Each structure stands twice: as C-alpha cells, then as structure tokens.
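Report on the following structure.
Read the figures in this text as sums done on the coordinates, not as results from a lab. What you see is a predicted model, and the numbers here were worked out from it, not measured in a lab. Note that each Cβ is placed from the backbone with ideal geometry, even for glycine, and that neighbours are counted across all protein chains shown.
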Amino acid sequence: MRTKHLVSLKDLSLEDFEEVFGLTENLKKNPEAFSDALKGKTLAMIFEKPSTRTRVSFEAGMTRLGGHAMNLSPKEMQLGRGETIEDTARVLSRFVDAIMARVYSHNDIERLAMAASVPVINGLSDFSHPCQGLTDLFTIKEKKGAVKGVKIAYVGDANNNVCHSLLFGASTLGASMSIACPSGYEPDPQVLAWAREHANGSKFEVTRDPFEATKDADVVYTDVFVSMGQEAQKEKRLRDLKDYQVNLKVFENAKKDAVFMHCLPAHRGEEVTDDVIDHKRSIVLDQAENRMHCQMALLLLLIKGKNL
C-alpha cells in the first residue's frame with residue numbers, strides 16, 4: 001500500500017483497494033497460512049466510543065494473526081488527564097506496532113497520524129469510517145463478483161461517516177450511488193464533490209425519493225437514524241427521517257437479486273423493518289464478519305508492508 005495510515009478511504013488508490021481485497025480473499029481461504037504472521041506484534045486500540053464489532057473484530061483478528069491487541073480507554077490513560085494527542089502518539093509508537101482509534105472528532109485521528117511513527121487506523125470518527133466502507137465494498141465484490149458498475153442505493157441520513165466512506169470508495173472503484181435523504185441530511189458537499197471529480201466511470205446523485213434511489217439498485221444500504229452523540233436530537237431525527245425507512249416495499253423496488261446491507265447495530269423498526277434485515281437477501285452478518293477479515297489484511301499490509 002502506498003499509504004502509511006488509514007485515515008480515510010480517499011487515501012487509497014485503486015491498486016490499494018485491489019491489494020487489500022486480494023489479501024482478504026486469501027486470508028479467508030487459507031487462514032492457517034497467516035497464523036503467525038504478526039507474532040510478537042502489538043496493536044493499541046483507543047476507544048472514546050463504545051464498540052462491539054470494531055473492538056472484537058480487531059482483537060480477534062490480531063489474535064488469529066499471532067499478535068496481541070491492547071484495549072485502552074482515554075479515562076484510563078493520561079489522555080484523560082490532559083496529555084496531548086501528539087505526545088500520546090509519540091509514546092505509544094515506542095511500545096506498539098500500530099494504533100487503532102475510535103474517536104468522536106476526525107481531527108483527533110489526523111493528529112494521531114501526523115505524530116505517530118507507526119501506522120494509525122481510523123476505527124471510526126464523526127466524519128469517516130474507512131474500515132466499514134472498505135469491508136462493505138469487499139462484501140459487494142464477494143457477493144456481486146465486482147464493484148465496478150454496481151449501483152448502491154443509500155437511504156436515510158447521508159450526512160454520516162459510513163455514507164462518506166462509501167462515496168470515497170465507490171468513486172475510486174467505479175460503483176455508482178443514488179442517495180435518498182430529506183433536506184438537511186445530505187452528505188458533506190465536499191465529499192460528494194470529491195466523489196464526482198474522481199469518479200471511475202461512476203455516477204452520484206441525491207434525491208428525496210427512496211423509490212427513485214432504489215430503482216435498478218444492486219445494493220440497498222441504510223444506517224441508524226440516531227448515531228452516538230445525537231441522542232438529544234432523537235425525536236426530531238426520527239420525525240425527519242420517518243419516510244426513509246427501508247421496508248419491504250422499498251427493498252423490493254430494487255433489482256430482484258438486490259442485497260440489503262447495514263453496518264449494524266440496527267434499530268429495528270426505525271431505519272429498517274424486521275422483514276428486510278432478516279430477508280434471505282440480507283447480507284448484514286456476512287458484512288459484519290468481513291470486518292475482521294478485511295482488517296486483518298489491512299493490519300498485515302500496514303505493519304509488515306513489503307516484508308509480508
């Protein structure tokens with residue numbers, strides 16, 4: 001990979017994506033071949049936000065590769081007592097081989113990456129969720145045979161880290177996205193502009209109509225209407241987004257072989273109904289499992305690089 005860190009999916013070239021996907025496929029087929037690949041290596045994991053999938057997938061992935069993952073809470077670190085992010089990054093770099101951080105502010109990830117001498121991985125920030133986007137696009141490739149030429153319909157709150165990461169990745173890989181959201185919930189204009197400017201034969205549109213977005217879609221994707229840190233806005237957000245629920249009628253408006261995706265956790269009955277998330281063409285559990293496999297490939301490439 002040409003990049004030392006993974007802060008955002010816009011950092012990855014087409015060749016980077018292909019390298020990660022190829023290694024992920026190999027890891028899934030031949031896990032025993034990599035059981036000692038990161039023996040003696042340590043990953044520091046900083047969690048400002050609670051986590052199920054991110055923590056377990058990274059920790060299990062490091063264990064499967066023969067390495068060790070260390071869970072760190074800012075409250076248990078000097079970060080919680082005023083040490084700067086830069087000093088924390090420099091000190092951790094003397095002890096560990098990579099740092100993964102799940103934070104509120106994207107600026108904190110950027111500061112970590114600037115100061116650290118070891119690879120830094122964005123495990124989630126308010127702006128970007130590159131590990132999720134990487135996994136989603138790998139899962140689409142796995143299920144559809146390719147990413148280029150696929151149409152992804154994203155329905156709901158599009159001004160979030162998952163939609164932004166999908167826009168960055170889809171642009172590079174040549175997938176199109178049709179986004180259905182109410183006014184005020186559009187993706188960041190700069191992200192949308194970047195995706196259109198760097199589009200690899202793909203198209204990006206924003207509409208108010210979920211049925212327009214899902215027409216001829218290969219993938220229907222949604223995320224929670226109320227993310228962590230937005231609890232005070234819950235009533236307003238649920239009211240604003242109530243017409244953007246992915247129910248069976250919306251899902252069946254897509255292609256007959258369309259798949260349903262959700263990064264989880266899901267708030268059933270809000271952004272998605274049970275009959276969609278439990279549908280035979282829902283691939284949310286495969287998607288969740290692939291977090292571990294994709295992140296294992298990412299860790300191998302960032303930590304070992306040419307020595308892999």
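Considering the options Ala175, Val284, Ala195, tell which one lies farthest towards the positive end of the dipole of the range 132-287, charges being +1 on Lys and Arg and -1 on Asp and Glu at the Cβ, about the Cα centre.
Farthest towards the positive pole: Ala175.
Using alpha carbons only, how many angstrom separate the centre of the range 254-297 from the centre of the range 208-249?
14 Å
Taking only DSSP H segments of four or more residues, each worth -39500 (n - 2.57), what value at 222 nm results for the chain once the sum is divided by all its residues, to the nearest 500 deg cm²/dmol? Walk me through the numbers before you get to the answer.
Numbers: 12 runs with 127 residues, N = 308.
Counting only the DSSP helices, I get -12500 deg cm²/dmol.
Fewest Cβ neighbours within 10 Å first, please rank Thr273, Thr135 accordingly.
Values: Thr273 18, Thr135 28.
Lowest count first: Thr273, Thr135.
Let me spell out the model: positive unit charges on the Cβ of Lys and Arg, negative unit charges on the Cβ of Asp and Glu, origin at the Cα centre of the chain. What dipole size does that give, in debye rounded to 20?
Numbers: 40 positive and 43 negative charges, 110 e Å.
Dipole of the chain, to the nearest 20 debye: 520 debye.
For helix 284-303, what angle does its Cα long axis make with the longest principal axis of the chain, in degrees from 0 to 90 and rounded to 10?
30 degrees
Contour minus end-to-end for Glu235 and Lys4, with contour as 0.36 nm per residue of separation and end-to-end as the Cα-Cα distance? Present the calculation step by step, with values, prior to reporting the outcome.
Numbers: separation 231, 0.36 × 231 = 83.16 nm, distance 4.14 nm.
Computed gain between Glu235 and Lys4 is 79.0 nm.
Among the listed pairs Lys28/Lys256; Lys203/Lys256; Lys39/Lys304; Lys28/Lys143; Lys143/Lys304, which are separated by more than 18 Å between their Cα atoms?
Values: Lys28/Lys256 28 Å; Lys203/Lys256 22 Å; Lys39/Lys304 11 Å; Lys28/Lys143 14 Å; Lys143/Lys304 29 Å.
Among Lys28/Lys256; Lys203/Lys256; Lys39/Lys304; Lys28/Lys143; Lys143/Lys304, the Cα-Cα distance tops 18 Å for Lys28/Lys256; Lys203/Lys256; Lys143/Lys304.
Could you work out the per residue convex hull volume over the alpha carbons of the range 132-287, in cubic angstrom?
Numbers: hull volume 14.9 nm³, N = 156.
Convex hull of Cα atoms, per residue: 96 Å³.
Across the chain, what fraction of all alpha-carbon pairs, as a whole percent, falls in each successive 10 Å bin from zero upward?
Cα pair-distance distribution for the chain, in percent: 6, 28, 35, 23, 8, 0.
Hey, with R₀ at 25 Å, roughly what FRET efficiency would Lys280 and Asn26 work out to, going by the Cβ-Cβ distance, to 0.05? Please list the in-between numbers first.
On the way: r = 29 Å, r/R0 = 1.14.
Efficiency, from the Cβ-Cβ distance: 0.30.
Can you list residues whose amide H is under 5 Å from Ala98's amide H, if they're 5+ apart or on another chain and H is modeled 1.01 Å from N?
Answer set, sorted by chain and number: Thr42, Ala44.
Could you pull out every residue, at least 5 positions away or on a different chain, whose amide H is within less than 5 Å of the one on Leu6? Hs are placed 1.01 Å off N in the peptide plane, and Pro or chain starts have none.
Those qualifying (amide H under 5 Å, at least 5 residues apart or on another chain) are Val120, Ile121, Asn122.
Starting from the 7 Å offset along Cα-to-Cβ, what nm value, one decimal, do you get for the label separation of Leu308 and Lys215?
Going by the 7 Å Cα→Cβ label model, 4.2 nm.
Suppose every Lys and Arg Cβ carries +1 and every Asp and Glu Cβ carries -1, with no other charges. What dipole size does the range 76-169 come out with about its Cα centre, to the nearest 20 debye? If you can, show how the numbers build up before the last one.
Details: 10 positive and 11 negative charges, 105 e Å.
Using only the charged Cβ atoms, the result is roughly 500 debye.
What whole-number distance in Å separates the alpha-carbon centres of the range 1-55 and the range 81-122?
Centre-to-centre distance over Cα atoms comes out at 17 Å.
Using only Cα atoms, tell me the angle between helix 106-115 and the longest principal axis of the chain; keep it within 0 to 90° and round to the nearest 10.
30 degrees
To test your reading of the geometry: what angle, between 0 and 90 degrees and rounded to tens, separates the Cα axis of helix 85-95 from the longest principal axis of the chain?
Relative to the chain, helix 85-95 is tipped by roughly 60 degrees.
Could you work out how much longer the chain between Ala146 and Glu186 gets when fully extended? Use 0.36 nm per residue separation minus the Cα distance between them, nm to one decimal.
11.7 nm
Can you give me the relative contact order of the range 1-160 as a percent, contacts being Cα pairs under 8 Å and 6 or more apart? Could you put the intermediate results ahead of the total?
Working: 223 pairs, mean separation 38.0, N = 160.
Relative CO of the range 1-160 lands at 24 percent.
For Ala69, which sequence-distant residues (separation of 5 or more, or a different chain) have an amide H within less than 5 Å of its own amide H, given hydrogens modelled in the peptide plane?
Leu43
How many nm separate the modelled label positions at Lys255 and Met228, each set 7 Å beyond the Cα in the direction of the Cβ?
3.5 nm
If you place +1 on the Cβ of every Lys and Arg and -1 on the Cβ of every Asp and Glu, how big does the dipole about the Cα centre of the range 132-287 come out, in debye to the nearest 20?
Working: 20 positive and 24 negative charges, 75 e Å.
Its charge dipole is roughly 360 debye.
Just to check I understand the Karplus step: with θ = phi - 60° and J = 6.51 cos²θ - 1.76 cosθ + 1.60, what whole-Hz values come out for the range 25-35, glycine and proline as x?
Result, rounded to whole Hz: 4, 5, 4, 5, 7, 10, x, 5, 5, 10, 5.
With contacts defined as alpha carbon pairs under 8 Å and 6 or more residues apart, what's the relative contact order of the range 132-287 in percent? Could you put the intermediate results ahead of the total?
Values: 309 pairs, mean separation 36.0, N = 156.
Relative CO of the range 132-287 lands at 23 percent.
Rounded to whole Å and ordered largest first, report the semi-axes of the equivalent ellipsoid of the range 9-107 derived from its Cα gyration tensor (root of 5λ). If you can, show how the numbers build up before the last one.
Working: eigenvalues 145, 57, 34 Å².
Each semi-axis is the square root of five times an eigenvalue, giving 27, 17, 13 Å.
When only C-alpha pairs under 8 Å and at least 6 residues apart count, what is the relative contact order of the chain, in percent?
On the way: 612 pairs, mean separation 56.4, N = 308.
Result for the chain is 18 percent.
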